[in-house]
Amino acid sequence: YFNTIDQGEIDALDAGSFAGWTREVGSFIAWPTQAAAPPGAVPVCRFFGSVYASHFYTADPGECDAVVANFPDWQLETREAFWIFLPDKATGTCAENLMPVYRVLKPTSPNHRYVTDRNVRDTMVVFGGWIAEGYGPDAVIMCTPR
């Protein structure tokens, strides 16, 4: 599973340059650079776990640093994969005009998925063995414009 806003990566993905990877259905709004992003947006770290053939994203700089320090199987690809908003860490609430992005973990893989549909997230948790990860009681990991 791979999220990118970089047109070169999108083109390479569509051209089949990344063996075994195809474009997934679903997306959310983010910005390619700090200059393009609205005030308050933060950079997203992107990791690749070659052992797992999986990507992991976090907009929390503390979580990014913790993954670098404690999980050597996850290789930091960039600290600025894209720019997005963080929810309130205590409540998981997104600011006005923003909606949640949910992160779920399949612990047996470990793979992560990022979805904006709460029903999809809940179905994955209840029926698929995924674990919701994020802030507040609703486990929101990032916030994107509506």
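The values are calculated or read from the model by the stated rules, or taken from the named source; none is laboratory data. Note that this is a predicted model, so its numbers are computed, not measured. FYI the Cβ positions are ideal-geometry reconstructions off the backbone, even for glycines, and counts take in every protein chain you see. Heads up: the accessible areas ignore ligands, DNA and RNA and are worked out on the full protein's heavy atoms, side chains in. Shrake-Rupley method; radii C 1.70, N 1.55, O 1.52, S 1.80 Å.
Key figures for this structure:
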{"quantity": "Among (1) surrounded by fewer than 18 Cβ atoms within 10 Å (Cβ to Cβ); (2) closer than 17 Å to Asp6 by Cβ - the single one Lys89 does not satisfy", "calculated": "(2)"}
{"quantity": "Exclusive hit being among the aromatic types (Phe, Trp, Tyr), under 26 Å from Gln7 (Cβ atoms) and touching a Lys or Arg at 6+ places or on another chain (Cβ under 8 Å), set Phe47, Phe82, Phe56", "calculated": "Phe56"}
{"quantity": "Count of residues meeting criterion [of a type in the set (Gly, Ala, Ser) and surrounded by 19 or more Cβ atoms within 10 Å (Cβ to Cβ)] in segment 55-76", "calculated": "1"}
{"quantity": "Some residue of segment 119-141 being closer than 18 Å to Pro43 by Cα, within 16 Å of the chain's Cα centre (by Cα), assigned to a strand (DSSP E or B) and at pLDDT 95 or above", "calculated": "yes"}
{"quantity": "Any hit, segment 121-134, residues being open to solvent by 40 Å² or more (accessible area, probe 1.4 Å), under 14 Å from His55 (Cα atoms) and among the polar types (S, T, N, Q)", "calculated": "no"}
{"quantity": "Selection count, segment 3-51, where residues are assigned to a loop (DSSP other than H, G, I, E, B), open to solvent by less than 50 Å² (accessible area, probe 1.4 Å) and at pLDDT below 75", "calculated": "2"}
{"quantity": "Residue in segment 109-118 that is farthest from Ala30 (Cα to Cα), counting only those that are open to solvent by 50 Å² or more (accessible area, probe 1.4 Å) and more than 12 Å from the chain's Cα centre (by Cα)", "calculated": "Arg118"}
